[in-house]
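Participant: Starting off with a structure, shown below.
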Amino acid sequence: AFSILGLRLPPVAFPPGTERTWLLTYTDEDTRLVRAGVDGGRSTARDLGLLSREEGEAADSYLFVLTRATPSESSRAPAGLPSPLAPLARAAERRRLKAQLLEACGGQSLGAEAGAEDLRRVRDLSDRLAALTPTADPASSPLLCGTWDIVWTT
């Protein structure tokens, strides 16, 4: 289930023939990054003229930044660091990048008011955070269960 500002969003039923590409690039206990786009099929928003014919065609045209209400920590050790320090260093870097990402998402009406530079910064931070995901297979992780708040999207 998804919510915006604490309001639960209704489930979305896409018309028959609609296909979407969803790519989860980062998942941990409290943060989730999802890229999405149209992959063949039809787009209701495009059919209604709400989007240009070309918009959203790439598999990563849209970016969703989501957070969970109750955060906790998880980590995997990066290569090359001494064993006792590796989990701490990796967790600290994730915390730092998540804080920067949430700061970059702020004050933009959930992304609706984002300019080109805002989009570039959010995508860059998302890519850097995705490289540090502590979850082996984000798309099938049990961490996906629960209610998530959309913080920012394109």
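The values are calculated or read from the model by the stated rules, or taken from the named source; none is laboratory data. Bear in mind the structure is a predicted one, so any value in this text is a computation, not a measurement. Neighbour counts run over all protein chains shown; Cβ positions are idealised from the backbone, glycine included. The area values use the complete protein model at the heavy-atom level, side chains included, leaving out ligands, DNA and RNA. Shrake-Rupley method; radii C 1.70, N 1.55, O 1.52, S 1.80 Å.
Participant: Is one or more of the residues making up region 117-131 basic (Lys, Arg) and either surrounded by 17 or more Cβ atoms within 10 Å (Cβ to Cβ) or part of a strand (DSSP E or B) (or both)?
Facilitator: yes
Participant: Kindly provide the set of residues from region 107-116 that are in contact with a helix residue (DSSP H, G or I) (Cβ under 8 Å, 6 or more places away or on another chain) and either outside any loop (DSSP other than H, G, I, E, B) or not small (Gly, Ala, Ser) (or both), ordered by number.
Facilitator: GLN108, GLY111
Participant: Oh, and also: Being at pLDDT 90 or above and open to solvent by 40 Å² or more (accessible area, probe 1.4 Å) is the requirement here; does ARG96 meet it?
Facilitator: So ARG96 fits the description; yes.
Participant: For region 68-76, check the following and say yes or no: at least one residue is among the polar types (S, T, N, Q), under 14 Å from TYR26 (Cβ atoms) and modelled with pLDDT under 75.
Facilitator: Yes, because at least one residue in region 68-76 is among the polar types (S, T, N, Q), under 14 Å from TYR26 (Cβ atoms) and modelled with pLDDT under 75.
Participant: Okay, next question. Name every residue in region 132-154 that is surrounded by fewer than 16 Cβ atoms within 10 Å (Cβ to Cβ) and among the charged types (D, E, K, R), in order of residue number.
Facilitator: ASP137 - this is the single residue of region 132-154 that is surrounded by fewer than 16 Cβ atoms within 10 Å (Cβ to Cβ) and among the charged types (D, E, K, R).
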